[in-house]
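> Attaching a single structure in structure tokens format; questions to follow.
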């Protein structure tokens, strides 16, 4: 139970820091894109390898969460990586003209 909460806090804090730091410093977009891609590929690789019955050595602590907890954490890695990549590349200024119509006048 505690490991599941720790895993959730790790994923949630990564998404939060990715969105707040890229708003302040756009140069960090590449860094967060790499983190998001690593999360996605690590989660996908763990799901594929675990379906065969093997475990990745440096991620053995995930298996201590139990079957359901580790599966949900790996899914969280996959979807969290996708969310980070999407949120880091989101540009809210591109949609200002649609909402108020005064940006390009």
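> Looking only at residues in region 46-64 that are surrounded by fewer than 14 Cβ atoms within 10 Å (Cβ to Cβ) and in contact (Cβ under 8 Å) with a residue 24 or more places away in the chain, which one is farthest from the chain's Cα centre (by Cα)?
Out of the qualifying residues, it is 64.
> Among the residues of region 36-45, are any surrounded by 13 or more Cβ atoms within 10 Å (Cβ to Cβ) and at pLDDT below 90?
Within region 36-45, none of the residues are surrounded by 13 or more Cβ atoms within 10 Å (Cβ to Cβ) and at pLDDT below 90.
The values are calculated or read from the model by the stated rules, or taken from the named source; none is laboratory data. For clarity, every value in this text was computed on a predicted model and none was experimentally measured. As a convention, Cβ positions derive from the backbone with ideal geometry for all residues, glycine included, and neighbour counts pool all protein chains shown.
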